[in-house]
Amino acid sequence: MSKKSFRQAINEALRQEMRRDPRVIVMGEDVAGGRGGTSGTVDAWGGVLGVTKGLLTEFGEDRVLDTPITEASYIGAAAGAAATGLRPVAELMFVDFVGCCLDQIMNQAAKFRYMFGGKARTPLVIRAMFGAGFNAAAQHSQALYPLFTHIPGLKVVVPSSPYEAKGLLIEAIRDDDPVIFLEHKVMYDDEEEVPDEAYTIPFGEANLTREGDDVTIVAFGRMVKLANEAADRLEQQGISCTVIDPRTTSPLDTDTILDCVGDTGRLVIVDESSPRCNMAADISALVAEHAFDALKGPIRRVVPPHTPVPFASVLENLYLPSVEKIEAAVKAAMGHRVPEIA
Amino acid sequence: MQIARETLLRSYRSMRTIRDFEERLHVEFATGEIPGFVHLYCGEEASGVGVCANLTDLDTIASTHRGHGHCIAKGVEVAGMMAEIYGRQTGVCRGKGGSMHIADLSRGMLGANGIVGGGPPLICGAALSHKTLKNGAVAVAFYGDGASNEGTTLESLNLASVWRLPAVFVLEDNGYGEATGSSYACAGSQKARAEGFGMPYMECDGTDFFAVHQAAGEAIAHARAGNGPVMLHVHLARWYGHFEGDAMTYRAAGEVAAARADHDCLTIFRTRVTEAGLLEGTELDDIDSAVRDEIESAVIAAKQAPLPEAADLLADVYVRY
Ligand SMILES: Cc1ncc(C[n+]2csc(CCOP(=O)(O)OP(=O)(O)O)c2C)c(N)n1
Ligand SMILES: [Mg+2]
């Protein structure tokens, strides 16, 4: 056990699984970097944010493949390789680039097993970074997990901390279905204690980061941290919250969510993705259908507005859920009259 | 081809403006005041300017993530660009786009682009508009060696040929897509690609304004005359990292220094025009100092400009909703 960053935890998961299973390969744009360069430096980048650094040196060019800038072909190649004996972990860099290769994910990898009558296994992992907070603007900041969640056949993981990332990524690599693994780009330097040995965290089992009596907060990815901060503040004010990190949006641990709402009777959902047809909408429907009688008041959603992600910091901050907005939503759920936070 | 004096002066000013704009951003970025990603066009100025000197406001260009140079070359206003990069309400995109999304349709500038390979299909569409509306205009896609491998680019080459569009594909080949060399990433030859899609292929030295101007002039004339698309392969070097903050460990020591020493498009231009007696050195000096002032005041104005307001967040998602 030692303190590791989100970046290191992911790197360690990849490294340990590549050591364990020679079929695990890594591919993507500049996952090593430096090929065709004039300095002869290999592993020049190790991924655009250094997450795959060192893998090339340990595992060689046959298992760490730099790709041209051709998402449709290499993501599709990863799917094809997965269906024929390898266990690829393909890095899409920014999840926004899924626009360039969605067919290979949505119409190909996701559907093999069902279309082929259960005959295929596609042990594919697609890693990508997502989320706002870096002024990366409209084409590099989206939180697209609902897009993938919508597609039957895909599993979707949104880790909320370094510990979670390592265990969930190892689980993803060992899983025989296509998994979309989404890393919030603002979290790479977050640190916490992470075991040195390999471990797995099962999909579809939510983590309760705290338990309380008054309000249930469901949050995803980086929002889990904000939800806990808000819960800390609310505790001081005599409001106790349960915070649920579902870990995976598909499969979704509906039992835990319904149980907790059954206990508290109040629900706040914090979701960084665009508000229409997102996880907050999905969970609201779930609860409205199955726990309506338990609800003491309306469900509150802390979500961005229905706009692209803006560039300027002032706008990006307004856009994103925040501790203050979560706090206000919880108070509103408690029936307090609170001024609206823009 | 004889180039008009005004064109020479304007082009020099444009190249100098790009250079100073980018070098200033390099300095300002290091202070931490500039948000987001910034990709500098330094060293590549003659390409954007040499091409755009053959275009009017009616003609359309599409740019890339490395878009500042194309914007300036196409006449987008510098103060508005600077304000945009600083995320100000006075920016050309009202602070909502930033460096990677500067656009000004009134100048025929269809946008920088955060998506590699995003531009070429759009340029097919712009060329289709021009062709259908019979306005005599052309559309030009700037794209990198890295982007040359994207499916969208290759499909666009085909579509432009199939539809015989008034389009020019300007491949700005600086030898790298991020940290990967084009000798690794690009199979076959670009010439064979152009020919494979049935369009003429031209190439030129992208650090020589006159070479670019000449080649682009021919390519654009070909497209404008209704003879279909052309690929123009421009050879260049980028002087800074892929983005600000990139240590460029993949490049040989001295590679950038050599490009700066031997292939500085501004030096090459100055030598050429003064030796041929086309322009006086003092005229160029005057431009240099005017540009210095312009950039200085653009930065000052940007830093003092108002930030966007809350209402801007919700504005302009749709025309009507
Ligand atoms: C679809 C897509 N894939 C990957 C990226 C990340 N990316 C941004 S710029 C770039 C390199 C582009 O290289 P090139 O086209 O040669 O342009 P240059 O940077 O050399 O000007 C990459 C891979 C992106 N923005 N969009
Ligand atoms: Mg390039």
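The values are calculated or read from the model by the stated rules, or taken from the named source; none is laboratory data. Since the structure is predicted, the reported quantities are computational estimates derived from the model, not experimental observations. Ideal geometry is used to build each Cβ from the backbone, glycine not excepted, and the neighbour counts take in all protein chains shown. Surface areas here come from the heavy atoms of the whole protein model, side chains and all, with no ligands, DNA or RNA. Shrake-Rupley method; radii C 1.70, N 1.55, O 1.52, S 1.80 Å.
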key: A:Gly40 being surrounded by fewer than 17 Cβ atoms within 10 Å (Cβ to Cβ) and within 14 Å of chain B (Cβ to nearest Cβ)   = yes
task = Could you tell me whether B:Asp286 is out of contact with any helix residue (DSSP H, G or I) (no Cβ under 7 Å at 6 or more places or on another chain) and closer than 30 Å to B:Gly177 by Cβ?
result = no
message = For segment B:159-204, which positions are closer than 17 Å to B:Val234 by Cα, basic (Lys, Arg) and more than 16 Å from ligand 1 (Cβ to nearest atom)?
response = B:Lys191
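Matching residues to (1) in a loop (DSSP other than H, G, I, E, B); (2) under 19 Å from the mean Cα position of the chain (by Cα); (3) basic (Lys, Arg):
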| residue | (1), (2), (3) |
| --- | --- |
| A:Ser274 | yes, yes, no |
| A:Cys277 | yes, yes, no |
| A:Ile283 | no, yes, no |
| A:Val287 | no, no, no |
| A:Gly297 | yes, no, no |
message = For the condition open to solvent by 50 Å² or more (accessible area, probe 1.4 Å) and either over 17 Å from the mean Cα position of the chain (by Cα) or among the β-branched types (Val, Ile, Thr) (or both), what is the one hit in B:Gln2, B:Gln89?
response = B:Gln2
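Residue by residue, here is whether (1) open to solvent by 20 Å² or more (accessible area, probe 1.4 Å); (2) under 24 Å from A:Pro251 (Cα atoms); (3) within 14 Å of chain B (Cβ to nearest Cβ) holds:
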{"position": "A:Val314", "(1), (2), (3)": "yes, no, yes"}
{"position": "A:Lys325", "(1), (2), (3)": "yes, no, yes"}
{"position": "A:Val330", "(1), (2), (3)": "no, no, no"}
{"position": "A:Arg337", "(1), (2), (3)": "yes, no, no"}
task = Please go through segment B:136-156 and pick out each residue that is farther than 22 Å from A:Asp30 by Cα and either away from ligand 1 (no atom under 15 Å from the Cβ) or within 9 Å of chain A (Cβ to nearest Cβ) (or both).
result = B:Gly136, B:Ala137, B:Val138, B:Ala139, B:Val140
inquiry  = Looking only at segment A:34-57, count every residue that is touching a residue at least 12 places away in the same chain (Cβ under 8 Å), assigned to a loop (DSSP other than H, G, I, E, B) and over 16 Å from B:Ala185 (Cβ atoms) and tell me the total.
reply    = 9
request  = Only residues that are closer than 22 Å to A:Val218 by Cα and surrounded by fewer than 24 Cβ atoms within 10 Å (Cβ to Cβ): list them for segment A:133-160, please.
outcome  = A:Gly133, A:Gln142, A:Leu144, A:Pro146, A:Leu147, A:Thr149, A:His150, A:Ile151, A:Leu154, A:Lys155
remark   = Within segment B:80-117, residues facing chain A (nearest Cβ under 9 Å), in contact with a helix residue (DSSP H, G or I) (Cβ under 9 Å, 6 or more places away or on another chain), within 16 Å of ligand 2 (Cβ to nearest atom) and in contact (Cβ under 8 Å) with a residue 40 or more places away in the chain come out as B:Asn113, B:Gly114, B:Val116
Residues satisfying the stated conditions in segment A:75-92, i.e. within 13 Å of chain B (Cβ to nearest Cβ) and open to solvent by less than 10 Å² (accessible area, probe 1.4 Å) = A:Ile75, A:Leu92
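For segment B:15-34, name all the residues that are of a type outside the set (A, V, I, L, M, F, W, C) and more than 23 Å from B:Ala179 (Cβ to Cβ). Write out each step before concluding.
Narrowing segment B:15-34 to residues of a type outside the set (A, V, I, L, M, F, W, C): B:16-17, B:19-20, B:22-24, B:26, B:28, B:31-33.
Residues satisfying the conditions are B:Arg16, B:Thr17, B:Arg19, B:Asp20, B:Arg24, B:Glu28, B:Thr31, B:Gly32, B:Glu33.
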ask   = Being under 30 Å from B:Ala30 (Cα atoms), open to solvent by less than 60 Å² (accessible area, probe 1.4 Å) and among the hydroxyl-bearing types (Ser, Thr, Tyr), is that true of even one residue in segment B:248-259?
value = yes
message = Can you tell me which of (1) more than 16 Å from ligand 2 (Cβ to nearest atom); (2) over 20 Å from the mean Cα position of the chain (by Cα) is the one B:Ala185 doesn't meet?
response = (1)
task = Any residue in segment A:133-157 that's more than 14 Å from chain B (Cβ to nearest Cβ) and modelled with pLDDT of 95 or more: show its pairings with residues that are within 13 Å of ligand 1 (Cβ to nearest atom) and open to solvent by 20 Å² or more (accessible area, probe 1.4 Å) at Cβ separation under 9 Å, as long as the two are six or more apart or on different chains.
result = A:Leu147/A:Leu102
inquiry  = What are the pairs with Cβ atoms under 8 angstrom where one residue, in segment A:93-104, is not assigned by TED's automatic domain parsing to the domain that holds A:Pro152 and more than 9 Å from ligand 1 (Cβ to nearest atom) and the other, located anywhere, is open to solvent by less than 40 Å² (accessible area, probe 1.4 Å) and not aliphatic (A, V, I, L, M)? Sequence gap at least six, or different chains.
reply    = none
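Regarding segment A:97-104, can at least one residue be identified that is more than 16 Å from ligand 2 (Cβ to nearest atom), aliphatic (A, V, I, L, M), at pLDDT 95 or above and open to solvent by less than 30 Å² (accessible area, probe 1.4 Å)? Show your work before the answer.
Applying the first criterion (more than 16 Å from ligand 2 (Cβ to nearest atom)) to segment A:97-104 yields A:97-104.
Of the ones still in play, those that are also aliphatic (A, V, I, L, M) are A:98, A:102.
This time we only want the ones that are at pLDDT 95 or above, so: A:98, A:102.
Retained after the next criterion (residues that are open to solvent by less than 30 Å² (accessible area, probe 1.4 Å)): A:98.
So far as segment A:97-104 goes, yes, one or more of its residues are more than 16 Å from ligand 2 (Cβ to nearest atom), aliphatic (A, V, I, L, M), at pLDDT 95 or above and open to solvent by less than 30 Å² (accessible area, probe 1.4 Å).
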task = Would you check if there is a residue in segment B:182-193 being in a strand (DSSP E or B), in contact with a helix residue (DSSP H, G or I) (Cβ under 8 Å, 6 or more places away or on another chain), within 14 Å of another protein chain (Cβ to nearest Cβ) and not aliphatic (A, V, I, L, M)?
result = no
request  = Confirm whether A:Ala288 is modelled with pLDDT of 95 or more and open to solvent by less than 20 Å² (accessible area, probe 1.4 Å).
outcome  = no
